[in-house]
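Beneath this line is the structure, given in structure tokens, with notes to follow.
The values are calculated or read from the model by the stated rules, or taken from the named source; none is laboratory data. Every value quoted in this text rests on a predicted model; they were computed, and no experiment measured them. All Cβ positions, even for glycine, are placed from backbone atoms using ideal geometry, and neighbour counts span all protein chains on display.
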Amino acid sequence: MVSEHLLNEQVDLEVVEDLLNDVFGERLRALHAAPFSRRYLEWLYRDNPCGQEVAANLMHGDVCRAHYAIVPQRWRDGTRTLPMSLSLNSAVSEASRGKGAFTRTAKATYERARTTRGIVGVLGVGNANSTHGLVKSLGFRFVAPLPVRVGVAAPVRLRGVSRAGADDLPEAFFASRAGGWEQAWDRETLRWRLASPRASYLLHHDRRGAIVSCRTLHRGVPVAVILKVLSAPGRPPAMRRLLAAAARGHRTAFYLYAGWNGDAHVPGVPIPRRLLPAPLNLTYLPLDSTAPDPLVPRTFELLDFDAY
């Protein structure tokens, strides 16, 4: 008789790939999204400059029945920096549902993250169903719903705005600032994030700020998705110019933005949550007494997690 056993060392990406595509394949096909690939998991789990994944697999012989993973992030408030993490892939095969597999793999992951990697907190972003699971089963705290706005880019001149890569941005755009916790973006982390095999990004900047965007379609109409705004401390970016550059770069007049930014206001019309196909919520689980508690980030945008 083959018994189930829990593995929480470095996980086998091949069995993780098989499980994720088995559990989420139908949903991905409905969204016309690419399946999980070994290349994507290598990038997400192994290439992250903040550290490799912390994960657990519930194995039944050589078959992975459940998987849970978090990826490390650095968060800061002024000069104080803490090792945090983002809850990402969670999957349970049909054969193991209703048996506590989700809770077992998640709690094993958190314990290893805390004791062997010094990670002090976990953030999670999910829809109504996954939010309920994180809060009820794992003790996460509800932080805030992610607001979503849409807008039309103004027809302004783009004088001084240019396409860029992470290495072209001024160092001041990555400077720490006080006033609340946020992910500690630096040049290396941004370069890694923009190398995701699952999306294609544009980065525009001028002397005052930078904007990261990608393209999506809504009922056949192209939309520029605004993922991140960067700027120097105390100097608000020229949002109208940056939004216009992002929209033109994706050959559209429309843009969408979700989240909030403590240094920049992205204008637009709020979309009521009842009209969103999958409204998202930010949740948080402190793992020890050094974790910020409560945690309401001063900046949290789409590039801070894995929506795109």
Quiz item: From Val120, Val92, Val54, which residue is under 23 Å from Val23 (Cβ atoms), more than 17 Å from the chain's Cα centre (by Cα) and surrounded by 16 or more Cβ atoms within 10 Å (Cβ to Cβ)?
Solution: Val92
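Residue-by-condition table, conditions (1) at negative phi; (2) assigned by TED's automatic domain parsing to the domain that holds Trp185; (3) charged (D, E, K, R); (4) in contact with a helix residue (DSSP H, G or I) (Cβ under 7 Å, 6 or more places away or on another chain):
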{"residue": "His67", "(1), (2), (3), (4)": "yes, no, no, yes"}
{"residue": "Ile70", "(1), (2), (3), (4)": "yes, no, no, yes"}
{"residue": "Asp77", "(1), (2), (3), (4)": "yes, no, yes, no"}
{"residue": "Ser85", "(1), (2), (3), (4)": "yes, no, no, yes"}
{"residue": "Val92", "(1), (2), (3), (4)": "yes, no, no, yes"}
{"residue": "Gly100", "(1), (2), (3), (4)": "no, no, no, no"}
{"residue": "Thr103", "(1), (2), (3), (4)": "yes, no, no, yes"}
{"residue": "Ala106", "(1), (2), (3), (4)": "yes, no, no, yes"}
{"residue": "Thr109", "(1), (2), (3), (4)": "yes, no, no, no"}
Self-check item: Flag for Pro267 being in contact with a His (Cβ under 8 Å, 6 or more places away or on another chain) and outside the structural domain of Thr131 (by TED's automatic domain parsing)
Solution: no
Quiz prompt | Hits in the range 80-130 - residues which are basic (Lys, Arg) and modelled with pLDDT under 90 | solution = Arg97, Lys99
Quiz item: Within the range 123-140, can one find any residue that is farther than 23 Å from Trp192 by Cα, in contact with a Gly (Cβ under 7 Å, 6 or more places away or on another chain), in contact (Cβ under 8 Å) with a residue 40 or more places away in the chain and outside any strand (DSSP E or B)?
Solution: yes
